[in-house]
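Read-outs: derived from the displayed coordinates by stated rules, not from any lab. These numbers come from a predicted model, not from an experiment. Cβ placement follows ideal geometry from the backbone for every residue including glycine, while neighbour counts extend to all protein chains displayed.
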Amino acid sequence: AVVEHHARHGTLGLLATGCSTPQTTATASLTWQIVDAAAPDPNTAPALTCAQKKVATIRVQMSPSPPSGGVFDFPCANMAGETFSVPAGVYTVQAIALNDSFQAVAQTTFQQRLFGQTSLGHVIFQVR
């Protein structure tokens with residue numbers, strides 16, 4: 001399945017200072033929609049409900065995996081999600097649409113520098 005990814009690269013830096021070396025953390029947020037893979041242009045395709053395409057979960061997976069874990073699952077019907085804090089840095093991010101058997105029905109992979117509150121943008125999952 002092909003996925004369109006639209007990034008908005010606005011970042012807001014949050015720097016925590018203390019007696020030791022400053023530790024910089026980040027969160028990643030995204031919004032998504034589900035469209036039919038048969039539509040000629042995903043950007044103009046009508047948005048479908050998660051139930052119509054049997055998508056249960058949107059998973060955001062980061063590598064290298066942060067110490068706290070790099071897998072974040074969101075209920076598809078929320079249409080938005082934000083990770084908990086991870087160390088700031090450059091990650092390979094996978095956004096994956098999963099059915100109720102946790103099988104991937106659409107996914108996209110991209111590099112993203114995470115610093116402060118980082119938007120991963122709007123992901124359009126093209127589901128067959």
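Enumerate the whole-percent occupancy of each 5 Å bin, from 0 to the last occupied one, for all C-alpha pair distances of region 72-120.
Reading the bins upward from 0: 5, 17, 26, 26, 16, 9, 2.
So for the pair residue 54, residue 110, with labels modelled 7 Å out along Cα→Cβ, what separation do we get in nm?
Here the answer is 2.9 nm between the modelled labels.
Give, in nm to one decimal, the length gained when the segment between residue 82 and residue 37 is fully stretched (0.36 nm per residue of separation minus the Cα-Cα distance).
Taking residue 82 through residue 37 to full extension adds about 13.6 nm, to one decimal.
Does region 22-68 come out rounded, prolate or oblate by the C-alpha gyration tensor, with a ≥ b ≥ c the root eigenvalues, rounded set by a/c under 1.5 and, if not, prolate when a/b is larger than b/c and oblate if not?
prolate
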